[in-house]
Amino acid sequence: MSTIIRTQGLTKVYGANGTAVHALRGIDFAVEKGEFVALIGPSGSGKSTLMAILGCLDAPTAGTYELDGHAVHGLSGGELARIRNGKIGFVFQSYNLLPKASILRNVELPMLYAGLGRRERRERALALLEKVGIADKADKLPAALSGGQKQRVAVARALANEPALLLADEPTGALDSRTGAEVLDLFRELHAQGHTLLLVTHDPSIAAQAERRVEIRDGKVVMGGVAEDPTSSAQPGAHPAAHHIGVGR
Amino acid sequence: MTSSGAFRERLLEAWMEIRENLGRASLQALGVLLGVASVLGGFSISDSQRQRAEQLYVRLGGLDKLNVQPRATVRDGQATALQQANLGLRDEDATDGDALRPDAIQGVSSQKNARSRVVSGFADQDRPVTGIGGDFIPANGYAVEAGRGFSASELEAGAPVAILGTEAAATFFPSGSPLGQVLRIGEVPVTVIGTFQERVFRFREDQRNIFRWRNRIIAVPANLVQRRMNGDAYRRVDRITFRIPDLKVMAAFSKQLQDVVTANHRLQDDFRLDDVQARIRRQNSQGDVYDLIFLLSGVLALVGGGIVNVNIQMASLKERVREVGVKMALGASGREIFKGFMTEALLLTALGALAGLVLGVGFSWTITRSLGVPLAMTPASFIWAYVMASLSGFLFALYPAWKASRLSPMEALRYE
């Protein structure tokens with residue numbers, strides 16, 4: 001079992017000395033390949049900040065972060081963009097589909113940034129839409145879809161470049177309980193297929209669906225930071241640097 | 001994926017964005033459109049005027065002429081003091097000049113004028129008479145319509161023969177053919193052997209014929225004027241014209257000729273050289289000033305449009321922060337975002353510029369038509385207008401695109 005996420009002493013401080021806000025105060029956290037982890041915590045706990053750093057949308061003030069065996073703390077903006085593109089699939093509470101682009105194009109977009117050819121993009125996007133059960137809506141605009149359908153598109157888009165990690169931020173927050181449950185079913189299905197999922201939520205009932213729960217409060221992990229698996233105790237430095245970071249791995 | 005594929009994708013994206021925001025995009029394109037139209041229109045109007053002026057010189061007998069004229073002409077046989085002291089312009093100057101570059105000079109003609117009483121069976125008028133030699137007729141854009149031109153022996157001998165312009169023919173011989181008729185010039189009876197084609201040139205359609213006076217010509221051999229009308233012992237002439245088709249030779253020849261004629265004239269500066277090509281260059285350089293003014297007004301229009309575009313782009317960027325954040329989350333780098341915004345702006349500029357070229361053609365056509373000048377447009381005007389629009393589009397797109405590319409992905413995603 002290889003490690004997808006490993007952080008040590010992850011710290012994030014906003015603002016200058018006098019008015020500094022310590023959002024994260026040394027997070028030690030790990031997710032193994034194939035795990036389904038729920039990150040829970042009340043609002044203001046720092047889970048959004050952690051989510052942004054884990055998603056390579058923001059850089060930590062201090063500490064180390066290894067994603068799929070590669071140190072990503074201290075990388076440049078362009079390098080982080082490549083990591084987000086190839087290693088991470090995002091699912092947001094508000095879907096964040098591009099309203100002017102068709103469903104198909106929305107799913108194609110990460111592959112476009114990865115530099116895939118037109119035909120290959122189209123085939124894979126259609127296959128992914130098929131997988132989430134809305135291939136018939138490929139040519140529609142997002143506005144023509146229901147909330148649950150939009151979130152399925154978002155999941156298809158997140159899977160586009162076969163990411164190492166699926167990051168879902170309150171994915172059911174904007175859905176009614178029935179469609180929310182359908183989306184969670186979809187996540188469990190993906191988990192069963194071997195995908196690594198990190199689900200961020202404040203709702204304990206949703207977190208209960210995950211294999212493992214990590215609770216964060218006041219910028220610290222208070223429960224379940226590392227899986228209780230003896231093989232995961234390897235040190236971060238033990239990973240060979242030759243491991244290739246790239247598209248589709 | 002090839003870079004052309006990536007470019008095509010960006011172009012497609014930009015096109016979708018423009019189509020979705022047609023109102024905003026039209027406003028942005030409008031500034032470019034007006035700028036391009038004004039640059040192109042300005043250039044075309046000045047090109048049209050210039051072309052018309054060149055046509056005039058061609059009709060005057062070509063651009064490849066160097067005229068030599070006395071500074072003060074002899075009128076009615078009365079020489080000025082300067083000419084009395086010197087020899088004046090004379091046939092010798094023509095032969096000496098011809099000897100300088102016989103290889104490059106294609107023709108030499110001289111002109112000797114007189115003013116005299118001209119009498120026919122129908123009219124009796126005081127008229128200028130033009131004594132001509134060499135290839136005067138083609139060199140001045142005349143052509144014989146009826147009858148014939150002067151033979152070499154008639155020119156040499158100063159035979160009493162004449163060719164009339166249309167107005168002169170109509171005045172002195174209002175009925176019947178003038179050919180073979182006799183006209184008395186002063187005391188000399190001359191036979192009409194030909195008539196010239198009518199000369200017409202109007203700068204604008206509604207203006208009068210500026211060649212009207214050329215139809216009044218009464219042409220006789222220069223030697224006839226010299227020998228039997230108002231000649232003198234020095235065989236002075238009123239104009240010598242050299243034809244030099246190779247315009248590169250012209251400037252050098254002009255200097256040599258200046259020296260030779262000055263030497264012939266006892267170092268007196270009593271003549272002037274008139275290089276037709278140089279005259280046109282001077283006139284064209286005046287046209288360049290207008291070009292500059294048109295260019296400047298076009299540039300100002302483009303700058304104005306550019307500033308408006310920056311404002312619109314910055315305002316629209318506020319609406320699109322979220323979109324930029326999503327694209328960044330999906331893996332678009334800042335450079336990718338920058339290129340996307342630039343592509344959109346440049347596509348918009350290109351479309352606006354194309355529309356501007358069309359409008360500019362219409363604009364030029366309308367104005368030149370109202371002036372009555374035929375429309376002339378050069379490829380250079382189109383290229384200039386297009387390049388300037390693209391340049392301004394590029395420069396003014398840089399700032400909004402740079403701003404967008406520098407957004408933090410996390411903050412952009414959370415932007416409401």
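Conditions (1) hydroxyl-bearing (S, T, Y); (2) in contact with a Pro (Cβ under 9 Å, 6 or more places away or on another chain), marked per residue:
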position: B:I185; (1), (2): no, yes
position: B:T191; (1), (2): yes, yes
position: B:Q207; (1), (2): no, no
position: B:N215; (1), (2): no, no
position: B:A222; (1), (2): no, no
position: B:M229; (1), (2): no, no
position: B:V237; (1), (2): no, yes
position: B:I244; (1), (2): no, no
position: B:K248; (1), (2): no, no
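For region B:339-361, the condition holds for at least one residue, the condition being that it is away from chain A (no Cβ under 14 Å) and farther than 27 Å from B:S297 by Cα. Here are some residues: B:N67, B:N113. Which one is modelled with pLDDT of 85 or more, more than 30 Å from B:F294 (Cβ to Cβ), surrounded by fewer than 22 Cβ atoms within 10 Å (Cβ to Cβ) and in contact with a Pro (Cβ under 7 Å, 6 or more places away or on another chain)? That would be B:N113, the only listed residue that is modelled with pLDDT of 85 or more, more than 30 Å from B:F294 (Cβ to Cβ), surrounded by fewer than 22 Cβ atoms within 10 Å (Cβ to Cβ) and in contact with a Pro (Cβ under 7 Å, 6 or more places away or on another chain). Here A:G78, A:G74, A:G26 are screened, and the one residue that is surrounded by fewer than 17 Cβ atoms within 10 Å (Cβ to Cβ) and under 17 Å from B:V326 (Cα atoms) is A:G78. Among the residues of region A:129-149, those identified as within 14 Å of chain B (Cβ to nearest Cβ) and either of a type in the set (A, V, I, L, M) or within 19 Å of A:I88 (Cα to Cα) (or both) are A:L141, A:A143. Scanning region B:308-344 for residues that are without any contact (Cβ under 8 Å) to a residue 12 or more places away in the chain and surrounded by fewer than 18 Cβ atoms within 10 Å (Cβ to Cβ) yields B:N311, B:A315, B:K318, B:E319. Among the residues of region A:150-161, those identified as within 13 Å of chain B (Cβ to nearest Cβ) and either within 13 Å of A:L190 (Cβ to Cβ) or acidic (D, E) (or both) are A:A154, A:A156, A:A158, A:L159.
The residues of region A:34-91 that are more than 9 Å from chain B (Cβ to nearest Cβ) and in contact with a Gly (Cβ under 6 Å, 6 or more places away or on another chain), listed by number, are A:G34, A:G46, A:K47, A:G63. So for region B:332-355 (the condition being assigned to a helix (DSSP H, G or I), among the basic types (K, R) and touching a Lys or Arg at 6+ places or on another chain (Cβ under 9 Å)), does at least one residue qualify? Yes; the residues of region B:332-355 include at least one that is assigned to a helix (DSSP H, G or I), among the basic types (K, R) and touching a Lys or Arg at 6+ places or on another chain (Cβ under 9 Å).
Answer with yes or no whether B:V32 is in contact with a Gly (Cβ under 7 Å, 6 or more places away or on another chain), β-branched (V, I, T) and either crowded, with 21+ Cβ neighbours inside 10 Å or free of Cβ contacts under 8 Å to residues at least 40 places away in the same chain (or both).
Yes; evaluated as a whole, the condition is true for this residue.
Taking the conditions exactly as written (farther than 30 Å from B:L371 by Cβ and either modelled with pLDDT under 85 or in the same structural domain as B:D288 (by TED's automatic domain parsing) (or both)), does B:L27 satisfy them or not? So B:L27 passes the test.
Taking into account only those residues within region B:252-277 that are in contact (Cβ under 8 Å) with a residue 12 or more places away in the chain, of a type in the set (A, V, I, L, M) and in a helix (DSSP H, G or I), which is nearest to B:I137 (Cα to Cα)?
Of the residues in region B:252-277, the ones in contact (Cβ under 8 Å) with a residue 12 or more places away in the chain are B:253-254, B:256-258, B:260-261, B:264-266, B:268-277.
Narrowing the set further to residues that are of a type in the set (A, V, I, L, M) leaves B:257, B:260-261, B:273, B:276.
Still in the running and in a helix (DSSP H, G or I): B:257, B:260-261, B:276.
Details: B:L257: 23, B:V260: 26, B:V261: 24, B:V276: 17 Å.
Among residues in region B:252-277 that are in contact (Cβ under 8 Å) with a residue 12 or more places away in the chain, of a type in the set (A, V, I, L, M) and in a helix (DSSP H, G or I), the one nearest to B:I137 (Cα to Cα) is B:V276.
The values are calculated or read from the model by the stated rules, or taken from the named source; none is laboratory data. Everything numeric in this text was worked out from a predicted model, so none of it was measured. Counting neighbours? That spans all protein chains shown, and the Cβs are built from the backbone with ideal geometry, glycine included.
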